[in-house]
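For reference, the structure is listed below as structure tokens.
The values are calculated or read from the model by the stated rules, or taken from the named source; none is laboratory data. Since the structure is predicted, the reported quantities are computational estimates derived from the model, not experimental observations. Here the Cβ positions follow ideal geometry from the backbone for every residue, glycine too, while neighbour counts run over all protein chains shown. The accessibility values were calculated without ligands, DNA or RNA, using every heavy atom of the protein model including side chains. Shrake-Rupley method; radii C 1.70, N 1.55, O 1.52, S 1.80 Å.
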Amino acid sequence: MTTTMDRRSLLTRAALGATGLVAAGAMGSLAPETAFAAATQYPEPGQPDPNFAEGLIIGRNQDLLQVQGSDGRLHRIQLTGVTSVWKLRPTTLDQVRVGDGLYARGVLMPDGTLAAESVWVNIVNLTVSITSIGRSTLQLEHHGQKVVGYVQPGLTAAVYNGTPAVSDLSMLKVGRHAQVIGAWRPGTNEIDIATVYASN
Amino acid sequence: MAGLNGEVSWFCCGNAWGPCASTGRGACGTCHSGNFQHAWPNTSDACFAITHPDTCGVTGMSRRTCGFRHSTTNLCNGSRVVTSIADCGPQTDLFCGERACCGGTCASNRIVDLTPAAFSAIASLSAGLIPCTIDVG
Amino acid sequence: MFAHQVAAAQPLLIGLLLLWSSYGKVVRRDSAERTALPRLVGETRAAPAYHAVGAIEAVIALALLLPPAWTIEAVAAAVLAGGFTGYLIYAKIVVPDASCGCIGSSAKPVGRRAIGRTVLLLATALAATTADDGWWSIGSVAVVAVLVLEAAAFVMLSAELDRYWLLPLRRLRVEITHPLAGTATNDVPLAATQRRLLLSPAYRAVNGLLRSDIHDYWDDEDWRFVSYTARYDGRPATAVFAVPHQDSTPEAVRVAVVDETSGQTLYRPTLLATA
């Protein structure tokens, strides 16, 4: 925990400009777009991206995940200290569990392992209609299927017609459509809601 | 149709995990979350009747069918992907008037949905919604 | 006597229900694709079978509604209702995702309410087989009241009609006292910070260096800090953004790219941050 605190305090000072730069030339010396364009190579439209994986986690050996893709392919995904993990919120590697669904983006290594840079665990993005509102849940309908959405105090945010996200959910209306970003609870038709975009 | 500005989000398809189990292979029968594909609101009369971009005053959205290529550029970072049409969507008329600006360029209304593979190449899946510009790929 | 009158009144209710049910299948030509029929009778025969059922419903409905009143009409309706019940139970077990295809083109899968409705239909049809008179002979207010109650039961069991009464009721409840009224706080949701960050010039300045989604985030006084894994000049680094809680202008977002092992700042687009 101390290292996390040290790390955060170093980064806090750096972001606010309280630390010195390595070299004066580092101020705007690099053209980031050029570096980015050189590093990425995308597949043909319509084809799968070898640097991306999707599926259910069927095994975990330390930080190596076995993932069963919904197209039948098997993926081996390596998590490292620099991998970002999203599971309802940005979180840590230990939160990635067998049975979770996942999307991962990274770099395909020569041995067939995907070295993950970002993983999104159980993330869903659904266009739904709100059929009922309770004290801690929204009853949703997605493609004719019932989905229960749990409100997480302190986390769930609402966006009303493009305005900045707020924690106030009291303007959601029964019968309206919404787009919901959330985390699926494995094996159920339930999700925890991160952001709900209310339609107008 | 050069440079149509709007918002891009993402959707899952291909009978995958969780609520995506019931989504099927899309209107074109080819859609899969891991492929570089997208949903377009004007793939047929039946599709247009669902998405109704005209309700939001979006014009210049040409009729394009399965397999047609579009490029989507994230207005906030310049990243670009080329994808092919695999489904009908998004439901533009549900979110008329949403607007976001990046670096002086603004975009309104939802005009395209990418697969997770394609969206994550130009933005974060957790961000969900990004201003973009669409061109013929 | 009362029971006889109620039995005689049933054909009116059954007839109207079957007419409504056949309307979608025959006049509006709803699709049979999403029902369990393709599985039951085969892909090619699903649509003709679906439309044929609609035609049979219409014929029985008209026979029930128009004089004369023959017991055979009620028996036919009972057989049809029995068939529906069996079919829906089959669909629920064999093709759980299939839509009901009962009334209207709802995509909703077969539920307990749909089965409950066909059981109620079967019960009313069986009651009708005991009638000696036509429905037009009823003169009692009590019988009409029973009919209204039965109709209400059918409405409540019809998911297709929820939007006409159940949703407005729920909407009214939410308007009177919104269950989520207490959710508003002064805390800035991470989603708001993330969006502000993504729309900022600071993000555009370092985007080419970022390799991950949000790696860590924390608050310190009036700022929220968000870090990403990055690469700078071919070596690992961390990009850290500072997003003020109060100032919502995109230019207020600051960023630095840091080498965590040495603690040194490698890159900071200062001009953007102060512009």
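Remarks
- For B:Thr30, the criteria (1) open to solvent by 10 Å² or more (accessible area, probe 1.4 Å); (2) away from chain A (no Cβ under 11 Å); (3) among the β-branched types (Val, Ile, Thr) hold in every case but one, which is (2).
- Among the residues making up the stretch C:54-107, those that are assigned to a loop (DSSP other than H, G, I, E, B) and closer than 17 Å to C:Thr129 by Cα are C:Leu66, C:Pro67, C:Pro68, C:Ala69, C:Trp70.
- In the stretch A:1-28, the residue that is most open to solvent (accessible area, probe 1.4 Å) out of those that are facing chain C (nearest Cβ under 8 Å) and modelled with pLDDT under 55 is A:Met27.
- Looking only at the stretch C:255-270, and only at residues there that are closer than 15 Å to C:Asn207 by Cβ and assigned to a strand (DSSP E or B), the one that is farthest from the other protein chains (Cβ to nearest Cβ): C:Val257
- Each residue in the stretch C:27-50 was checked for being of a type in the set (Val, Ile, Thr) and under 25 Å from the mean Cα position of the chain (by Cα), and 2 of them qualify.
- Any hit, the stretch C:246-254, residues being among the hydrophobic types (A, V, I, L, M, F, W, C), crowded, with 23+ Cβ neighbours inside 10 Å and facing chain A (nearest Cβ under 9 Å): no
- Each residue in the stretch A:74-94 was checked for being over 19 Å from A:Phe52 (Cβ atoms), hydrophobic (A, V, I, L, M, F, W, C) and open to solvent by 60 Å² or more (accessible area, probe 1.4 Å), and 0 of them qualify.
- Selection within the stretch A:166-182 - facing another protein chain (nearest Cβ under 8 Å) and open to solvent by 10 Å² or more (accessible area, probe 1.4 Å): A:Val166, A:Ser167, A:Asp168, A:Ser170, A:Lys173, A:Gly175, A:His177
- Listed here are the strands (runs of 3 or more DSSP E) enclosed by the stretch B:39-130 that have at least 3 residues being within 12 Å of chain A (Cβ to nearest Cβ) and surrounded by fewer than 18 Cβ atoms within 10 Å (Cβ to Cβ), and there are none.
- Enumeration of residues in the stretch A:96-113 that are under 17 Å from the mean Cα position of the chain (by Cα) and surrounded by 15 or more Cβ atoms within 10 Å (Cβ to Cβ): A:Val96, A:Asp100, A:Gly101, A:Leu102, A:Tyr103, A:Ala104, A:Arg105, A:Gly106
- For A:Leu126, the test of being open to solvent by less than 10 Å² (accessible area, probe 1.4 Å), in a loop (DSSP other than H, G, I, E, B) and facing another protein chain (nearest Cβ under 8 Å) is failed.
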